[in-house]
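The values are calculated or read from the model by the stated rules, or taken from the named source; none is laboratory data. Just so it is clear, the structure is predicted and the values come from calculations on it, not from any experiment. Glycine gets a Cβ as well: all are built from the backbone with ideal geometry, and neighbour counts include every protein chain shown. When the accessible area is computed, the model is the full protein with side chains, heavy atoms only, and any ligands, DNA or RNA have been set aside. Shrake-Rupley method; radii C 1.70, N 1.55, O 1.52, S 1.80 Å.
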Amino acid sequence: MTVRDMRQILFSLLLALLLPMAAQAQDVRDANYSMIGRVDSDGTVRDRNYSTIGRIESDGTIRNRYNSTVGRVESDGTVRDRNNSTLGRIESDGTVRDRNYSTLGYVKSEGTVRDSSYRTLGYAVNVPQKYAAILFFFDLLR
């Protein structure tokens, strides 16, 4: 076995170990770092007791625990309720705005969630910004 073969084997083993970790659920925590829920890799949203409270699908559809559509996040970041009324918008930089364009807060790229006064509301590390914004600022899954 050559050194190159060994490197390929080691690289394959490393990938086999790391890929499942990347696909695991991510915790959502409050400002005190207490777990308030989690988002599974498939978009399933769970409360702190691991009960399913909803799902955010890859196309932006938001469903409640009964699989009823309760809203949608459009590709431009617009958040709509079940009646297609605009609730707000999630900007590409993580700024979250209401329907009147007032700033509700921010979801930072590293996962910190802050209100409009920059007070920390919680943490959603490795959770997509749009998902974190839905959980912290729009009351669609409650």
Of these, Ile53, Ile62, which one is open to solvent by less than 80 Å² (accessible area, probe 1.4 Å), touching a residue at least 60 places away in the same chain (Cβ under 8 Å), at negative phi and touching a helix residue (DSSP H, G or I) at 6+ places or on another chain (Cβ under 9 Å)?
Ile62
Criterion: surrounded by 13 or more Cβ atoms within 10 Å (Cβ to Cβ) and free of Cβ contacts under 8 Å to residues at least 12 places away in the same chain - qualifying residue of Arg80, Arg72
Arg80
How many residues does the range 83-134 hold that are among the hydroxyl-bearing types (Ser, Thr, Tyr), surrounded by fewer than 20 Cβ atoms within 10 Å (Cβ to Cβ) and either within 20 Å of Gly60 (Cα to Cα) or touching a residue at least 24 places away in the same chain (Cβ under 8 Å) (or both)?
6
Residue in the range 26-47 that is least open to solvent (accessible area, probe 1.4 Å), counting only those that are in a loop (DSSP other than H, G, I, E, B) and within 26 Å of Tyr66 (Cβ to Cβ)
Gly43
Does the range 94-107 contain any residue that is under 16 Å from Asp27 (Cβ atoms) and not in a loop (DSSP other than H, G, I, E, B)?
yes
